[in-house]
Amino acid sequence: MTDTQSMINELLLPVRRFLHCETPESWLEEARKPENLNALLVDHCNCELKASQTAIFLIRKYAVDEKSGQALLDWAKPYEDFVYGRSRQKDAFHGRKNGLSAELTARADCPYGQDLIDRMVRLIKEEFHHFEQVLEIMDKRGIAYSNLSAGNYARGLMKAVRTHEPATLIDKLIVGAYIEARSCERFARLAPFLDDELKKFYISLLRSEARHYQDYLKLAEQIAGKDISDRILHIGQREAGLINTPDQYFRFHSGIPATAMVN
């Protein structure tokens, strides 16, 4: 066994224990098809932005004042302008230092505010960097960014979130943990079937994705201040159900491809 494979196995062991199922072979078969690579990369790009947006939302809603919240919005703006705007201009962020315009200050009435800020800001930085990395790979391959409709996965997970605080925040953090863990698992499962550049890139993402799911989970446990294994189990079972349910859209986090159900 190579050193790289040993590293992968070590990183994935807790991830696989956390998830309630592995990615179905039918999804991997679909993901390996050359004609699906463009859509997979575009959706991966979108996933990186959505992950950063989710973290920004959590900080703004629960941990900081309006001024700090605006600094977070300013940080995300160049990326959102690229994705949602009419022009695809990368100059505002690609290859340049695009960071926070001000230091974030935790609200005095939020006992977990600083921990939420510290963990989520690190995640946001990494997700923005990954967004840029995927775009760079797409550019090298002549793949244009295009808008894709959202899949069912994240929307389906959010249906499990309770509607009263602090339960809402705790559940959203658990959902975030499962999304990051599934990303990590799929990067590892897919990497061996890709060309050398993409294989190396996806393997390079494993360590940060594994840490991201742990950060979300630790925050959920800290904020709850009690055992939340029942919520982790409930949301994990829903996540596995979505992964094993036929899905009309092929996305990075989609379920069983509809074509697999036809064949």
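Scanning segment 30-64 for residues that are open to solvent by less than 40 Å² (accessible area, probe 1.4 Å) and hydroxyl-bearing (Ser, Thr, Tyr), we see that the one that is farthest from ALA177 (Cα to Cα) is TYR62. Inspect all residues belonging to segment 167-183 and state whether any of them is of a type in the set (Lys, Arg), closer than 19 Å to CYS45 by Cβ and in a helix (DSSP H, G or I). Yes: one or more hits. Whenever a residue of segment 154-167 is among the aliphatic types (A, V, I, L, M), its partners that are in a loop (DSSP other than H, G, I, E, B), lying with C-beta atoms within less than 9 angstrom and at least six residues away or across chains, give the pairs ALA154/HIS253; ALA167/VAL161. Quick check on segment 62-116: of everything there that is among the basic types (Lys, Arg) and touching a residue at least 24 places away in the same chain (Cβ under 8 Å), which residue is farthest from LEU217 (Cα to Cα)? Checking each candidate, the answer is ARG88.
Here LEU198 fulfils each of the conditions (1) free of Cβ contacts under 8 Å to residues at least 24 places away in the same chain; (2) under 24 Å from PHE250 (Cβ atoms) apart from (1). From the residues in segment 126-145 that are open to solvent by 50 Å² or more (accessible area, probe 1.4 Å) and in a loop (DSSP other than H, G, I, E, B), which one is nearest to PHE57 (Cα to Cα)? Ranking the candidates gives ALA144 first. Under the condition of being under 16 Å from LYS199 (Cα atoms), outside any helix (DSSP H, G or I) and open to solvent by 100 Å² or more (accessible area, probe 1.4 Å), the residues counted in segment 1-29 number 0.
Of all the numbered requirements in (1) open to solvent by 40 Å² or more (accessible area, probe 1.4 Å); (2) not in a helix (DSSP H, G or I), LYS67 misses one, and that requirement is (2). Suppose the filter is open to solvent by less than 80 Å² (accessible area, probe 1.4 Å) and over 30 Å from LYS200 (Cα atoms); does ASP81 pass it? Considered against the rule, which asks whether it is open to solvent by less than 80 Å² (accessible area, probe 1.4 Å) and over 30 Å from LYS200 (Cα atoms), ASP81 comes out as no. Looking across ILE117, ILE179, one residue alone is touching a strand residue (DSSP E or B) at 6+ places or on another chain (Cβ under 7 Å) and surrounded by 20 or more Cβ atoms within 10 Å (Cβ to Cβ). It is ILE117. Number of residues in segment 209-263 that are within 30 Å of SER146 (Cα to Cα) and outside any helix (DSSP H, G or I): the value is 15.
The selection criterion, being open to solvent by less than 20 Å² (accessible area, probe 1.4 Å) and closer than 25 Å to TYR213 by Cα, holds for LEU123.
The set of residues in segment 1-32 that are basic (Lys, Arg) and either under 17 Å from TYR213 (Cβ atoms) or modelled with pLDDT of 95 or more (or both) comprises ARG16, ARG17. Among the residues making up segment 152-161, a single one is assigned to a loop (DSSP other than H, G, I, E, B) and loosely packed, with under 14 Cβ neighbours inside 10 Å: LYS159.
The values are calculated or read from the model by the stated rules, or taken from the named source; none is laboratory data. Bear in mind that the values here come from a model prediction, so they are computed numbers and not experimental data. Don't worry about glycine lacking a Cβ; one is built from the backbone with ideal geometry, like all the others, and counts go over all protein chains shown. Surface accessibility is based on the protein's heavy atoms, side chains included, excluding ligands, DNA and RNA. Shrake-Rupley method; radii C 1.70, N 1.55, O 1.52, S 1.80 Å.
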